[in-house]
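Before any comments, here is the structure.
The values are calculated or read from the model by the stated rules, or taken from the named source; none is laboratory data. Fair warning: this is a prediction, and the values are worked out from it, not measured in the lab. Neighbour counts are summed over all protein chains in view; Cβ atoms, including those assigned to glycine, are modelled from backbone coordinates with ideal geometry. Side chains included, ligands, DNA and RNA excluded: accessible areas come from the protein's heavy atoms. Shrake-Rupley method; radii C 1.70, N 1.55, O 1.52, S 1.80 Å.
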Amino acid sequence: MTRPFVRPPRPRSATRRSFLRAVGASATLLPFYQLLEDSAAQAAGEASPLKLIVISHPHGIANEYFAMRTPDAPDIAVEALSMRGTDTASSFDIAYPNCSLRPFDDAATYGKSFKDRLLLIEGLDLASDGHDAAASILTGSPLNGGKPNNSSLDQYLSVEMGLGANTRKSNVVLGVGEPNPYPGSTLSYSAGGAGISKIISPYEAFDYLFSGFVAPDDAAGRAAQARRNALGQSVVDAVRADCNRLRARLAPVEQQKMDQHLAAIRDLEKSFDGMSGSACSMPPLRPAAGEFPTEIGKLMRFNGGEPTFDAVSNYFVDLLAQAFACDVTRFGTLVLNDLPWDVANNAAMDSLGIGLPSDIHNLVAHKYTTRSYDWENKLSGKGDAATWLPLAKYNAYVYGKVARLMQRLDALGALDNVLIYVTSELGNPNSHSSVNVPTVLAGGANVPFRFGRRLQTSNDCLTPNDSCTPRDAKYASGANNHLLVAIAQAFGVEVDSFGQGPEAAFTTGALAGLA
């Protein structure tokens, strides 16, 4: 039985509830009142609003170089890692040789260790399998007719619940090398499960977030900006009126598409109000002319864009940090891609010094051979240890980007209010399995999760067998939906369930052990 997608608003703090009652705010007016509500809450001494960045990457995760080593799971580590000893939930090592998580404990590279800002989760189970399970990460739903049935958590919070109403942009959706909203490379979905295209050009991303920025001390620039804004507002008013008239004549499916356009218009309108934030006196420089290709096709995978992937990833990480520090937006998603490679010579770009082949998908992910289990779900094979390290190296590359993001946010004084959620669409890439997907949560002091820990959930069986079939209800406590519920609640929105699953147990309740 499929449980319906539940969206009741959670009561906020006493100050916020009092404010809404005072102004007579209804649910339909929540986006309008969000700006005033946040201002009132901060004036009353409450913490600044939380912010969310979600990062996904392809090709799965080498569990052997991620997982906690415990006495009842001694086979996790290869012989070369025997010096690790035994980890506990609050005392663990991520600095041992080749650990994929090592960038988070690398002060020499990233300025400080962020180990105490991590919450490492093992055993989470996405709602579907295969590469298209990327669509399940934030929707918590399997595909139905090529798309999920509901919006993703970032869009649900920022647009439907109005938590992005008081920032210049409700949210930002970025991707490396693939702009199209294919399920296998898309995290963000609007109401009804319509995929949202990603910005892959650094120039377009900068313009989307920082276009029209004028320094506070530039009087002439601000006067010119006011004239442009007045003209822009009149155009927006006319376009919005036309859209609203047309919407009433559309079928429900087409109305959902029109709603996306109206949301984009609202974000455009907000850009006329300028920007706030103490770190905005010097926004990030727009990429220099020629630094990146201006033609979108030359940034795309399978079209010659692969050599740009590392530089684009770094730029997007830095841009997100500045945008969040400036409070331009509070919700962002970033879909990473392969390592950059020299297309002409079909070779990995040596400047990264990672030592991996160019074809991560076939020569790394599909070579990965992990443990196997018999019909009683007992260990029957320890896999091929030689295949674990290449995937762990790619994972470490990804976590290096996340550590860079944390470093940038920390330097800008913006990390405290940010929750970062990092995952892949696959656990075991060789079997295209999306059960037992190792997950990283990272965040600052004001995020209501307890960091500096490891957490193991009751994950689904690693492989189908006679005693355990995938997504068996008895293993539902490890469903990723519970994490989505917990994040929504952390942002002050009370939901009992999120997404869709084979039974209510998969979608109902927050993930235990986070606080």
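When only residues in region 161-207 that are among the aromatic types (F, W, Y) and touching a Leu at 6+ places or on another chain (Cβ under 9 Å) count, which is nearest to I487 (Cα to Cα)?
Out of the qualifying residues, it is Y189.
Could you please tell me which pairs satisfy a Cβ distance under 6 Å, a separation of 6+ or placement on different chains, a first residue in region 385-400 that is in contact (Cβ under 8 Å) with a residue 12 or more places away in the chain, and a second residue that is in a helix (DSSP H, G or I) and open to solvent by less than 20 Å² (accessible area, probe 1.4 Å)?
W388/E64; A392/Y65; Y394/I360; Y399/P103; G400/P103
When you check N149 against the structure, is it open to solvent by 10 Å² or more (accessible area, probe 1.4 Å) and in contact (Cβ under 8 Å) with a residue 24 or more places away in the chain, yes or no?
yes
Please go through region 281-307 and give me each residue that is in contact (Cβ under 8 Å) with a residue 60 or more places away in the chain, assigned to a helix (DSSP H, G or I) and touching a Gly at 6+ places or on another chain (Cβ under 8 Å), ordered by number.
Selection gives L299, E306.
Mind listing whichever residues of region 141-196 are assigned to a loop (DSSP other than H, G, I, E, B), in contact with a Ser or Thr (Cβ under 8 Å, 6 or more places away or on another chain), over 23 Å from A510 (Cβ atoms) and of a type in the set (S, T, Y)?
Within region 141-196, T167, S170 meet the criteria.
Go through region 95-120 and give me each residue that's in contact (Cβ under 8 Å) with a residue 24 or more places away in the chain and in a loop (DSSP other than H, G, I, E, B).
Within region 95-120, N98, C99, S100, L101, D106, G111, K112, F114 qualify.
Could you check how many residues of region 348-371 are at pLDDT below 75 and hydroxyl-bearing (S, T, Y)?
The qualifying residues number 1.
Which one is least open to solvent (accessible area, probe 1.4 Å) among residues in region 398-442 that are touching a Lys or Arg at 6+ places or on another chain (Cβ under 6 Å) and farther than 18 Å from L336 by Cα?
Top of the filtered list is V418.
Consider G123 carefully, then state whether it is open to solvent by less than 10 Å² (accessible area, probe 1.4 Å), part of a strand (DSSP E or B) and on the phi > 0 side of the Ramachandran plot.
Yes, satisfied.
Anything in region 172-214 that is on the phi > 0 side of the Ramachandran plot and open to solvent by 10 Å² or more (accessible area, probe 1.4 Å)? List them, or say none.
Within region 172-214, G192, G212 qualify.
Restricted to region 329-347, and to residues that are in a strand (DSSP E or B) and open to solvent by 10 Å² or more (accessible area, probe 1.4 Å), which residue is modelled with the lowest pLDDT?
For region 329-347, the residue satisfying everything is A347.
Which pairs have Cβ atoms under 6 Å, sit 6 or more apart or on different chains, and link a residue in region 159-176 that is closer than 11 Å to I196 by Cβ to one that is open to solvent by less than 10 Å² (accessible area, probe 1.4 Å) and among the polar types (S, T, N, Q)?
As it stands, the answer is N171/S158; N171/T329; V172/T329; V173/S188; V173/T333, since those pairs meet every condition given.
Assess whether N459 counts as being within 19 Å of G140 (Cα to Cα), open to solvent by 20 Å² or more (accessible area, probe 1.4 Å) and either modelled with pLDDT of 90 or more or part of a loop (DSSP other than H, G, I, E, B) (or both).
So N459 passes the test.
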